[in-house]
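Quick note: the coordinates plus some simple rules give every number you see, no bench work behind them. Since the structure is predicted, the reported quantities are computational estimates derived from the model, not experimental observations. Cβ sites come from the backbone with ideal geometry, for glycine too, and all protein chains shown count toward neighbours.
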Amino acid sequence: MGLVLSVGEGGEDPVQDVVVAVHPGVSVTRLARNELRAIFAMRRRAWPDGTPIRVYVLPDDHPLHRTFCKRILHVYPHQLRRIWDRNVYSGTGQAPVEVDDVKTLHARIAANPGAIGYLPPEWIDEQVKSVEVR
């Protein structure tokens, strides 16, 4: 028996499952894809209860970040980066907080009220909760 490795179209990233993760204090349980895009484009800045949204992401070249962008947001990582750069350089907004690895991403989401990011499903626990994307 040989080893089977699933890869994305065109031999891109290995197929990974990814879920949207939030701090357990966030009352939202479901987000429309366009709402999620607005959050990750840094256009939506607060949850419905007024809590500031804190966005955490992995580096652009991280396989989980690429999977999240393509499968969940339906954009390419470079498109998202262009939006963040435009916000920063124009002075109209900011970029999300970038962390180095999944462990740190989980820790930041868990520790910061209003936090949102993305994780492999197996990282969802009592410290972070998943949000359904419709």
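Counting charges near Glu122 (Lys, Arg +1; Asp, Glu -1) among other residues having Cβ under 13 Å from its Cβ returns a value of -1. Which stretch or stretches of the range 15-30 have amide N atoms under 17 Å from the point lying 7 Å from Thr51's Cα along the Cα→Cβ direction? Answer for the range 15-30: 20-30. The distance between label points at Asn87 and Asp100 comes to 2.4 nm (points 7 Å beyond Cα on the Cα→Cβ vector).
Taking Cα atoms only, the orientation of helix 77-90 departs from the longest principal axis of the chain by about 30 degrees. A full extension of the chain between His78 and Ala111 corresponds to an added length of 9.1 nm, given 0.36 nm per residue minus the alpha carbon distance. Relative protection proxy for 97-106, 34-43, from highest mean packing down: 34-43, 97-106 (other beta-carbon atoms within 10 angstrom). The amide H of Gly114, built 1.01 Å from its N in the peptide plane, has His23, Gly25, Val26 as neighbours under 5 Å, considering only residues 5 or more places off or on other chains. With all projection directions averaged, the alpha carbon convex hull of the range 16-133 covers 6.5 nm².
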